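What follows is a set of notes on a single structure, which appears directly below.
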Amino acid sequence: MIAKLRGKLDGFTADHAVIDVNGVGYLVFASSRTLSALGAIGNEVVVHTEMQVSEDDIRLIGFASGEERDWFRLLTSVQGVGTRVALALLSALSGDELHRAIASGDHRMLGRANGVGPKLAQRIAHELKDKAGGVVLGTGAPGVAPPPPGSVSADAVSALANLGFRPAEAASAVAKAEAELGPGASLDALVRAALKKAAR
């Protein structure tokens, strides 16, 4: 299982990017939001990934954050939502918009995504209404902008999330730690300071 890639952006199209990791080019399918977050060719990038294996295909799906990957997993748990439709939803709607649409049963908002008709939108809202509360794309914290993918602060948020903190809590704690330590803080120092902030 490949869970994360760090390398140089070698190229991209409308639905995928090629990431060069030590001379090996990985073709990674992604939403338009993730692709736009990668920036220019030649940039060092970090993408969270989901590997899909079928009888005749192996593909990597890439995400700008672990939270986006959580949304992808949640969306593809709904019957009729495959990889293409899930990425279309993640391209058309932000995490907050997805959350609001599902919570309020807003089929029209879900229908903005290519391939999502009224019946499928209704099924998504119905099946995920009780499950979507634990997933927040980006930070979900008021006043806290999500750190840029591949940055030390983004890695620190991911580290706290892996320790069980909610994305909003992790992002808020890292932002406070970064403000205290200043720019240039190491990942280790940032994580330690953020843990103290989160524990208060």
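The values are calculated or read from the model by the stated rules, or taken from the named source; none is laboratory data. Fair warning: this is a prediction, and the values are worked out from it, not measured in the lab. Every residue, glycine among them, receives a Cβ derived from its backbone with ideal geometry; neighbour counts consider all protein chains shown. Remember, those area values only see protein heavy atoms, side chains included, never the ligands or the DNA or RNA. Shrake-Rupley method; radii C 1.70, N 1.55, O 1.52, S 1.80 Å.
Considering only residues in segment 48-64 that are open to solvent by less than 30 Å² (accessible area, probe 1.4 Å) and of a type in the set (Val, Ile, Thr), the one that is modelled with the lowest pLDDT turns out to be 49. Of the residues 91, 36, 32, the single one that is touching a residue at least 60 places away in the same chain (Cβ under 8 Å), among the hydroxyl-bearing types (Ser, Thr, Tyr) and either surrounded by 19 or more Cβ atoms within 10 Å (Cβ to Cβ) or under 29 Å from residue 165 (Cβ atoms) (or both) is 91. Looking at segment 165-198, which of its residues are within 16 Å of residue 151 (Cα to Cα), assigned to a loop (DSSP other than H, G, I, E, B) and open to solvent by less than 80 Å² (accessible area, probe 1.4 Å)? Within segment 165-198, 182, 185, 186 qualify. Exactly one residue among 78, 45 is touching a residue at least 60 places away in the same chain (Cβ under 8 Å) and open to solvent by less than 20 Å² (accessible area, probe 1.4 Å), and that residue is 45. Output yes when any residue across segment 2-9 is in contact (Cβ under 8 Å) with a residue 24 or more places away in the chain, open to solvent by less than 60 Å² (accessible area, probe 1.4 Å) and more than 17 Å from residue 154 (Cβ to Cβ), and no when none is. There is at least one residue in segment 2-9 that is in contact (Cβ under 8 Å) with a residue 24 or more places away in the chain, open to solvent by less than 60 Å² (accessible area, probe 1.4 Å) and more than 17 Å from residue 154 (Cβ to Cβ). Here residue 27 fits the description: surrounded by fewer than 20 Cβ atoms within 10 Å (Cβ to Cβ), in contact with a His (Cβ under 8 Å, 6 or more places away or on another chain) and farther than 22 Å from residue 157 by Cα. Report, by residue number, each residue of segment 105-122 that is open to solvent by 90 Å² or more (accessible area, probe 1.4 Å) and under 10 Å from residue 80 (Cβ atoms). Correct list: 119 only. Give 127, 67 a once-over and let me know the one that is surrounded by 20 or more Cβ atoms within 10 Å (Cβ to Cβ) and either over 30 Å from residue 23 (Cβ atoms) or of a type outside the set (A, V, I, L, M, F, W, C) (or both). So the residue among 127, 67 that is surrounded by 20 or more Cβ atoms within 10 Å (Cβ to Cβ) and either over 30 Å from residue 23 (Cβ atoms) or of a type outside the set (A, V, I, L, M, F, W, C) (or both) is 67.
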